[in-house]
Amino acid sequence: MIMDKLIPCHSLLRVSLLRIPVACILKNKVTRILYCFFLVYVFVIPFIDIASAEPVNFLGYLRSELSASDGNPSELLFMHKLRLDFESVLSSSLFIGGNVNLLVYQGDNDGNFLNNMPDSIERSVDSASRYLFDYSLENDLTWDNFFIKYILSEFDVTIGKQQISFGSGYAWNPTDLFNVKNLVDPTDEKKGHKALRIDYPLSLSQGIMFLYDIEDSTHEPGMLLCYKATFGHFDYSLIFGHTYWSFTDYEKLSGTRKKRKIIGFDMAGEAFGIGLWFEGAYNWLEQSDNYYEFVVGGDYTWRNGFYLLMEYFHSSLGGSNSSDYDLNSWMRFFTGETKAISKDNLYLYGYYPVTDLMNIGMSVASSLSDGSVALIPVIDYSLTNDLHLEFFGGINLGKDDTVYSRELGKGLLMRLTWYF
Amino acid sequence: MKKYSFLIIIIALFVLGSSSAYAQDLSGKEIIREVNEILNQESGFTTTRMVIQTSSGQLRTFEFDSWAKDRGEKTLIRYTEPSRTRGQSILMLNNADDIWMYFPRTKRVRKLATHAKRQKMQGSDFSYEDMGSGDTFITDFDASRLEDEVTGEEACYMVRLDRAPSSDSSYLKIVMWIRKSDFFPLVIEYFEDDYPDIPSKILLMEDIRIIQKIPTAMKMTMKNELDLTETLMELIQVDYSLELSDEMFTERALRK
């Protein structure tokens with residue numbers, strides 16, 4: 001197996017399944033427990049105020065997902081996910097929260113990345129090496145998030161495994177050094193990051209955020225500084241940061257880890273009644289070509305409730321046409337090393353509330369570079385107060401060898417979620 | 001004594017006559033200003049239960065806390081129930097010309113354009129626009145007075161609001177029945193472009209109590225005449241005496 005993570009959003013068959021080992025930073029169990037006690041003693045107990053503390057709240061959801069595809073071979077996969085969240089306000093200045101995820105798979109949980117690529121790319125790998133592209137989705141129990149948030153008079157500090165998200169882009173976020181989105185459901189949760197975050201407001205409409213991320217490595221942490229301000233009806237952010245980026249050559253089967261520096265700019269607001277946003281970033285890579293990415297988007301809700309969102313994404317790393325795509329283009333996209341296969345990409349999303357309980361919608365993902373298109377019809381229905389049913393389709397309409405090539409087949413994802 | 005009684009009657013008649021004349025003279029615009037004053041208090045906190053009755057008769061229940069300041073110019077809404085929406089928050093500033101939404105599971109804050117106000121609030125018959133956005137009745141509509149009516153046992157002013165050309169409100173016009181005794185609106189009819197002669201929604205203000213000297217509708221029912229659904233908003237807790245800081249209405253507070 002090449003990678004322990006999988007982002008096969010392109011095939012529209014399986015949503016992001018990022019798995020994190022349960023093991024913590026420290027290897028020895030006794031040391032780990034003592035270390036936890038020490039951290040609680042130093043960082044939590046002094047801030048607890050018994051009089052104002054609230055009981056621990058437990059909430060979460062149980063989700064069953066069925067994904068099916070008519071690719072070659074056809075696949076049928078069940079995924080059951082239990083997300084158990086807890087949160088507690090220990091005092092006016094201390095909040096603890098987190099969640100555990102249990103993932104259980106049934107059906108075709110073994111696969112091969114090559115099956116989700118055009119035939120020409122698949123044929124470029126000799127049959128003896130094919131097994132290197134196998135993946136397996138295994139049952140898993142993970143601490144997804146676990147953080148302590150200090151709300152001090154001047155600033156907030158969040159320590160621990162936490163959700164990190166940046167940027168105004170809906171389907172792509174060039175300024176987000178830490179996550180990659182899934183085009184089937186861009187609003188889905190991301191994996192938690194071990195990080196320290198400080199939010200320091202400068203005024204009511206300005207602030208600075210600092211992030212120190214050790215999710216991938218304690219020796220090579222990612223760092224980010226963001227200045228955010230609101231002027232007029234727009235929010236503006238200026239982002240500086242660096243991280244260490246794993247970049248793999250799947251043809252030579254070798255990987256490198258390069259320092260990636262980034263300067264980014266983000267703005268979101270409204271003009272002429274239309275929601276508008278821009279998010280762009282320039283990336284400097286160690287011993288490699290620099291690259292840039294940007295997103296321009298807009299959205300609007302009509303008086304009858306119809307909502308439409310449109311986003312254009314450009315990545316200088318992507319291919320200009322289908323002849324530029326190779327095994328690396330596809331594999332780097334699947335593993336989240338890059339955000340898109342092609343240079344110019346378009347995403348459209350529209351929905352309409354047909355009843356008070358049901359929305360129907362359609363996403364259109366397109367590579368403008370090769371002219372291919374995929375349709376993703378969406379239906380979501382509220383069965384009860386806490387029971388939610390969603391359907392996602394996936395129909396690739398592009399020519400052979402394109403990003404959304406017909407040969408990749410069609411897919412269906414059905415998701416039933418019970419919130420508690 | 002008789003002389004004084006006569007004088008008092010004369011004075012009372014004069015006062016009543018002048019107030020009646022004042023009431024007669026009030027323009028639609030002036031009445032709506034009074035309504036706006038009552039609906040948008042300096043600051044306020046409410047806990048609200050929202051029960052949606054769907055066209056198929058199913059019920060959906062939500063609860064949220066909301067804080068408002070500067071006569072509705074700043075509003076923060078945070079859902080507490082059900083668990084699917086718990087922690088979701090909406091911050092509206094500048095009379096809802098600037099809107100941010102916070103999603104707790106992804107810890108993401110998204111800036112929304114004002115057109116998002118047209119979206120239904122959790123599928124209910126209230127849109128975010130209906131939730132009150134400060135001076136909307138004044139800034140987005142031209143008010144004109146209609147002939148007075150009596151609804152129930154209450155004498156009411158009737159005021160019609162026509163959408164101003166510069167407004168992007170969802171409503172073509174609004175008609176209000178406003179209680180003469182305290183300028184509290186009892187019934188509001190909303191008309192949309194597709195059905196200019198039939199109200200698409202009717203809001204009924206009920207169980208009006210005086211809380212901290214301020215008339216407050218403890219129950220508000222929005223009836224959707226087109227979808228045949230209705231949503232009841234019931235105030236569980238109301239407090240107009242809280243002193244809310246401006247820091248309460250920032251992105252930092254939204255994330256709390």
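By the Cα gyration tensor, the stretch B:88-172 has an equivalent ellipsoid whose semi-axes, rounded to whole angstrom, run 32, 16, 10 from largest to smallest. Partner lysines whose Cα lies under 24 Å from the Cα of A:Lys252, excluding those fewer than 8 positions away in the same chain, are identified as A:Lys5, A:Lys339, A:Lys343. For the protein assembly as shown, adding -39500 (n - 2.57) for each run of n ≥ 4 DSSP H residues and dividing by the number of residues yields -3000 deg cm²/dmol at 222 nm.
Annotation note: trypsin sites (Lys or Arg not before Pro) in the stretch A:242-314 located in DSSP loop regions with a Cβ neighbour count of at most 14 within 10 Å are A:Lys252. Comparing B:Gly28, B:Gly152, B:Gly123 in a Gaussian network model of chain B where C-alpha atoms under 10 Å apart are linked, the largest mean-square fluctuation is found at B:Gly152.
For the residue pairs B:Lys74/B:Lys223; B:Lys173/B:Lys219; A:Lys258/A:Lys399; B:Lys120/B:Lys180; A:Lys161/A:Lys410, the C-alpha atoms sit more than 29 angstrom apart in A:Lys258/A:Lys399; B:Lys120/B:Lys180; A:Lys161/A:Lys410.
Under a model in which nothing but the beta-carbon of Lys, Arg (+1) and Asp, Glu (-1) is charged, the protein assembly as shown shows a dipole of about 1560 debye around its Cα centre. Across the stretch B:27-254, the mean sequence separation of Cα contacts (distance under 8 Å, 6 or more residues apart), normalised by length, yields a relative contact order of 21 percent.
Once the cut-off is 12 Å, how many percent of the Cα-Cα pairs in the stretch B:50-104 end up in the long-distance tail? Percent of Cα pairs beyond 12 Å in the stretch B:50-104: 67.
Rounded to the nearest 10 degrees, what's the angle between the helix B:28-39 long axis and the longest principal axis of chain B, both from Cα atoms, 0 to 90? That works out to roughly 60 degrees. Value of Rg to Rh for the stretch B:182-231, rounded to two decimals, is 1.09; Kirkwood radius and Rg both from alpha-carbon coordinates.
Summing Lys and Arg as +1 and Asp and Glu as -1 over all other residues whose Cβ lies under 12 Å from the Cβ of B:Lys69 gives a net charge of -4.
Each distinct pair of alpha carbons in the stretch A:103-151 adds a 1/r term; the inverse of their mean, the Kirkwood radius, is 13.9 Å. Within the set of other residues whose C-beta is less than 9 Å from the C-beta of A:Leu94, count the net charge using Lys and Arg as +1 and Asp and Glu as -1. Net charge in that neighbourhood comes out at 0.
Let me know the longest stretch in chain A that avoids all GluC sites (Glu not before Pro) found in a DSSP loop with at most 14 other C-beta atoms within 10 Å. Answer - A:1-137. Semi-axes of the equivalent ellipsoid for the stretch B:27-254, computed as √(5λ) from the eigenvalues of its C-alpha gyration tensor and ordered from largest down, come to 27, 20, 18 Å.
Restricting the GluC sites (Glu not before Pro) of the stretch B:188-231 to loop positions (DSSP other than H, G, I, E, B) with no more than 11 neighbouring Cβ atoms within 10 Å leaves nothing. Rg/Rh for the stretch A:316-420 (Cα atoms only, Rh after Kirkwood) is 1.08. For chain B, a Gaussian network of Cα nodes joined below 10 Å ranks B:Val51, B:Val175, B:Val150 by mean-square fluctuation, and the top entry is B:Val150. Excluding same-chain neighbours fewer than eight residues apart, the aspartates and glutamates reachable from B:Lys107 by a Cα-Cα span under 15 Å are A:Asp85, A:Glu87, A:Asp144, A:Asp156, A:Asp176, A:Asp188, A:Glu189, A:Asp199, B:Glu251. Note: relative contact order over the stretch B:53-102, using C-alpha pairs below 8 Å and six or more positions apart, is 26 percent.
Taking 0.36 nm per residue of separation and subtracting the Cα-Cα distance, full extension of the segment from A:Thr187 to A:Leu204 would add 3.4 nm. Of all the options A:Asn179, A:Asn99, A:Asn57, the one that moves most in a Gaussian network model of chain A with Cα springs shorter than 10 angstrom is A:Asn57. The value obtained for the stretch A:8-419, namely the Cα convex hull volume divided by the number of residues, is 166 Å³ per residue.
Note: relative contact order over the stretch A:231-334, using C-alpha pairs below 8 Å and six or more positions apart, is 20 percent. Across all directions, the average flat footprint of the convex hull enclosing the Cα atoms of the stretch B:139-218 is 6.1 nm². When Lys and Arg each count +1 and Asp and Glu each count -1, what net charge do the other residues less than 9 Å away from A:Ser315, Cβ to Cβ, add up to? Charge balance near A:Ser315 sits at 0.
Readers should treat all values here as calculations from the given coordinates under stated rules, not as data from a laboratory. What you see is a predicted model, and the numbers here were worked out from it, not measured in a lab. Don't worry about glycine lacking a Cβ; one is built from the backbone with ideal geometry, like all the others, and counts go over all protein chains shown.
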